[in-house]
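Bear in mind these aren't lab numbers, they're just calculated from the coordinates by the rules spelled out. Here the structure is a predicted model, which means the values were calculated and not measured. Cβ coordinates were reconstructed from backbone atoms using ideal geometry, including for glycine residues, and neighbour counts include every protein chain displayed.
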Amino acid sequence: MIAADNQIRLSPLYDLSSQLPYPELIDQRVAMKIGDEYNIPLIGFSEWRALASACSIDSEMLMHRLRRMADALPDAVSAAHDQALAEGLDREVITTLAKLLIQHAKVRRATLDAAPSKRRRLRRDPH
């Protein structure tokens, strides 16, 4: 988000969609494409680098920040899980969502180190 004072910051959590618990009901997509992809499972190393290029930002800086956030997310989710339980939220719902978020963060993190596979390049090339 770009705040009124032109500071760039992450969107509040209530602005994020909790798609993970509903894969059969909600497409796992983002509203704005990253690189050339909207489908979350297909967004990885090359898509983030393409986004950096399109936005004229340093791709190494972006990749470093993405890796740091992905690495920090499991601990942040665990802390939020514990706080939600302490506040009396439903244990089954909170625990299930926390597990899904942590697993998703680990899967997405793994894509940040991998160069694009030959299969993915071929899939995108119509010729």
(request) Express in nm, to one decimal, how much length is gained between residue 57 and residue 26 on full extension, taking 0.36 nm for each residue of separation and deducting their alpha carbon distance. (result) 8.0 nm
(message) Can you compute the charge dipole magnitude of region 13-119 about its Cα centre, using +1 on each Lys and Arg Cβ and -1 on each Asp and Glu Cβ, nothing else charged? Give it in debye, rounded to the nearest 20.
(response) 420
(request) At 0.36 nm per residue, minus the direct Cα-Cα distance, what do residue 78 and residue 3 gain on full extension? Give it in nm, one decimal, please. (result) 24.2 nm
(message) Between residue 110 and residue 89, what is the label-point separation in nm under the 7 Å Cα-to-beta-carbon projection?
(response) 2.6
